[in-house]
Amino acid sequence: MSEGKSSKARRLLLFFLISGITIGIVVIASSNIRTLDALKHIDLRDILALCILTFMMYVFDSMRIVVLSRAIGKKVPFSYAMKTIFVGSFFGAITPLQSGMLPAEIYMMFKYGIPLGSSISIDAIKRISTMGVLAFSGMVVLLTNKEFTSSRFLIYIYYYVIFFYFFISFIFLGVYFFPRQTMWLVDKILGFLHRHKVIKDYKVDRYVHAVADDYYKAINFFTHEGKSGFFLAIILTILLFFTDFIMAPVIIHGLGYPVPFSKALQAQIVLFPALYFSPTPGGSGVAEGGFALLFASFIPKYLIGISVVIWRVFTSYISVIIGSFLTVGFIDIEKILGPRSGANKP
């Protein structure tokens with residue numbers, strides 16, 4: 001196994017190790033004989049419903065890439081878009097703050113033949129719409145639900161999330177709103193790297209300027225002629241998370257406990273933004289512990305552990321495992337650093 005693959009394998013192992021330890025603690029602390037009785041309530045219809053919801057979640061996420069790419073005249077097939085989502089899930093799972101997801105998805109689109117600047121703009125719209133929907137809905141829940149606002153910990157988490165949302169949005173939109181200032185800063189950074197001989201080839205400068213110009217044009221298109229694609233991406237984002245949020249109440253109903261849908265929805269709205277900026281790989285540990293903490297207030301203790309396990313399998317582990325198989329021998333993120341204007345279609 002090459003050093004790159006070995007590193008990816010170790011990081012994936014760390015993701016599952018942290019998740020496994022957290023789940024193990026939650027399961028041991030919460031399970032009893034009634035947990036086994038609850039498992040008997042789950043039948044084929046519940047499993048089928050979860051499979052359909054999981055598939056629809058992948059469909060809505062993939063369609064965002066299809067819609068945004070077609071808006072700028074690049075027709076990415078649905079099958080390739082879904083492959084991009086799985087590969088992004090894998091790299092998100094093995095990196096803190098899920099930071100590997102964005103470059104992995106950008107690389108996949110770049111590999112298909114979409115210019116790098118346009119690929120970045122597509123993922124920028126995805127990230128901004130994702131965090132915008134989560135941040136806005138989360139603030140609504142916190143402001144209207146005293147049960148959640150009573151926890152200072154959750155309030156501080158949201159300050160943390162809002163800060164990152166505006167910080168990331170500023171980075172993505174800085175080229176659009178402040179093109180001259182942004183390129184001045186880029187030139188300063190490139191000059192520093194040249195002086196310290198980190199970069200020797202001045203072709204890199206022209207390449208960076210070309211990418212920035214392409215990105216500016218793509219973002220400008222999405223905010224003017226391509227607004228329909230942008231708004232459709234937001235609608236798909238809402239559908240994506242609504243489908244995702246349905247899973248928890250379906251799981252708990254399947255275990256024989258009629259959890260209020262509104263409660264389950266609000267708990268996940270509060271939890272999800274924190275996962276995107278969790279310092280652990282792919283939100284491992286934070287997701288499992290956060291789910292147990294939030295749902296403990298309105299479902300029986302004996303259901304918490306098993307609910308966490310099933311929830312994480314369908315909302316995360318399946319896509320990460322599929323992505324790991326697609327990634328082996330397929331993608332090399334470092335290639336994107338080489339200055340070139342495009343890529344051949346696979």
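Values quoted throughout were computed directly from the atomic coordinates according to the rules given, and no laboratory measurement underlies them. The shown structure was predicted, so the numbers you read here are calculated from the model rather than taken from an experiment. Reconstructed Cβ throughout: ideal geometry from the backbone, glycine too, with neighbour counts over all protein chains shown.
Things worth noting here:
- The residues W311, W184, when put in order of fewest to most other Cβ atoms within 10 Å, stand as W184, W311.
- As a rough footprinting exposure proxy, the listed residues F291, F78, F314 were ranked by other beta carbons within 10 Å of their own, and the order from fewest upward is F78, F314, F291.
- Cα gyration tensor category, rounded, prolate or oblate, for the stretch 88-247 with a/c compared to 1.5: prolate
- Cβ-placed point charges (K, R +1; D, E -1), dipole of the chain about Cα centre in debye, nearest 20: 600
- Against the empirical curve 2.2 N^0.38 Å, the C-alpha radius of gyration of the stretch 176-318 lands at a ratio of 1.57.
- Using a Gaussian network model of the chain in which every pair of alpha carbons under 10 angstrom is joined by a spring, one finds that among L275, L17, L44 the greatest mean-square fluctuation is at L44.
- Too-long pairs where the Cα-Cα distance tops 31 Å, listed order kept, from K75/K203; K8/K200; K188/K227; K197/K227; K188/K217; K8/K40: K188/K227; K197/K227; K8/K40
- Using C-alpha pairs below 8 Å separated by at least 6 residues, the relative contact order for the stretch 3-330 is 36 percent.
- Acute angle (nearest 10 degrees) that the helix 3-30 long axis makes with the longest principal axis of the chain, alpha-carbon atoms: 20
- For the options A81, A29, A124, a Gaussian network treatment of the chain with springs between C-alpha atoms closer than 10 Å singles out A29 as fluctuating the most.
- Order of K263, K40 under a 10 Å beta carbon neighbour criterion, fewest first: K40, K263
- Theoretical ellipticity at 222 nm over the chain - DSSP helices of four or more residues, -39500 (n - 2.57) apiece, nearest 500: -25500 deg cm²/dmol
- Label zone at R34, where the point sits 7 Å out along the Cα-to-Cβ direction: the stretch 285-316 residues whose backbone N lies under 12 Å: 299-304
- Degrees between helix 261-276 axis and first principal axis of the chain (Cα, 0 to 90, nearest 10): 40
- In the stretch 3-330, the alpha-carbon atoms span a convex hull of 151 Å³ per residue.
- Gaussian network model of the chain, Cα within-10 Å springs - most flexible of Q98, Q266, Q181: Q181
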